[in-house]
1. Restrict the search to the stretch 242-317; then list the trypsin sites (Lys or Arg not before Pro) that DSSP places in a loop and that have at most 14 other Cβ atoms within 10 Å of their Cβ.
2. Taking amide hydrogens as modeled 1.01 Å from N in the peptide plane, which residues meet the under 5 Å criterion relative to G267, leaving out close sequence neighbours?
3. Using the structure shown, select from K185/K256; K182/K212; K196/K312; K62/K93; K196/K257 the pairs with a Cα to Cα distance greater than 27 angstrom.
4. Pulled fully out, how much extra length does the chain show between F36 and D54, if you take 0.36 nm times their separation in residues and subtract their Cα-Cα distance?
5. Between D322 and K257, what is the label-point separation in nm under the 7 Å Cα-to-beta-carbon projection?
6. Taking loop as defined by DSSP and a crowding limit of 14 other beta carbons within 10 Å, which trypsin sites (Lys or Arg not before Pro) in the stretch 1-106 fit?
7. Sequence gap at least 6, Cα distance under 8 Å: using those rules, report the relative contact order of the stretch 207-298 to the nearest whole percent.
8. Excluding I288 itself, what net charge comes from residues whose Cβ is under 9 Å from its Cβ, given Lys and Arg +1 and Asp and Glu -1?
Amino acid sequence: MILAIESSCDETSAAVVDNSVVLSNIISSQYFHSKFGGVVPELASRAHLVSVSDITHEALDKSGIDIGSINALAVTNRPGLAGSLIVGTNFAKGLALKYKLPIVPVNHIEGHLFSGFIQDNNLEFPFTALVVSGGHTVIFLVRSYDDYEIVGMTRDDAAGEAFDKIAKLMGLPYPGGPHIDKLAKLGNAHKYEFPKPMLHDDNYDFSFSGLKTSVRYFIHKNFHSGIPEDVMPDLAASVQQAIVEVLTVKTIRAAKKYSVKSIIIAGGVSANSGLRHMMNVKCNQAGIKMVAPDMMYCVDNAAMIGFIGELKFNAQPDAYQDLKFTVNSNALRAAKR
Ligand code: KG4
Ligand code: ZN
């Protein structure tokens, strides 16, 4: 029985996981960052500090499990905002000391990587995973729970960052990804042609900063006194089409190259309806199974941390007595390619 805590960015979350079954998964999102146009790290860590204890109690209450029955803790310690990670890890360390529990430090990206298994435990290795969020856009080849490699990643902005920055140019609130998604449903995705960066390059990398610049020029040239309301849906749909097509085509190309039978998409941007749709259609055409986690497991959440934390703990139950581990805000960038 695992109690997991996640606080790497702007969601405070706690979950109880038992034998890969999620008994509770409480997520509290810090919506107040929207008035600053982005996550303010100092305010994020203060807000985690205010809510982490209540959220953890709520997760235990909802699961019906007493903390005395918990066998181990799992906590995100990398990558993420350092101050935010420190709040979650130190809270977990406090619980570990008080209740004499082992504690498994978990890589947040690994949490996203295996989040597809939470709802589909028939998913077969090896598979390709597209982890796509506000901070990351990475294609992994996953051979087992502890054997995976990066086969491609963004060279500049993450896809979520591109959604958010372009939404800002369009005058939409932060985070802009869900707003573009909503507008795109009403628009024509082929109305405007935006560049699809690196679509035809012979690699699995991405680049989104050029797209952002091209949308900026487009808006400046055509709508310098403001974008008319009736143009917004077509603009959103066309932008989304450019991002989603590159993500989909390159992930499927990687899946074919490594001869995998399944693709999982994960991370905040995997909630995008256009990405889910196009990936589904193109996977069907290619005879590849596609798994998109439930929305609750797309956003940052502690269930995915508990899920992988439990597997790590079961593999080496004596390895997690040490409380000396620290946080690392850039763990992914340091990952070997
Ligand atoms: O994984 P996540 O919750 O946090 C990070 O680790 O970054 O992802 C947040 C990102 C934001 O950039 C947000 O705009 C984007 O995910 N996002 C979406 C959608 N929902 C969230 N982007 C496009 N369409 C969506 N429906
Ligand atoms: Zn995330």
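Bear in mind these aren't lab numbers, they're just calculated from the coordinates by the rules spelled out. On a predicted model such as this, the values are computed, not experimentally measured, just so you know. Neighbour counts run over all protein chains shown; Cβ positions are idealised from the backbone, glycine included.
1. Those satisfying the criteria are K261.
2. V132
3. K185/K256; K196/K312
4. That pair, F36 and D54, stretches by 3.9 nm at full extension.
5. Distance between label points: 3.5 nm.
6. Qualifying residues, ordered by number: K100.
7. 27 percent
8. Working: positive: K256, K261, K282, K289; negative: none.
Taking every other residue near I288 into account, the sum is +4.
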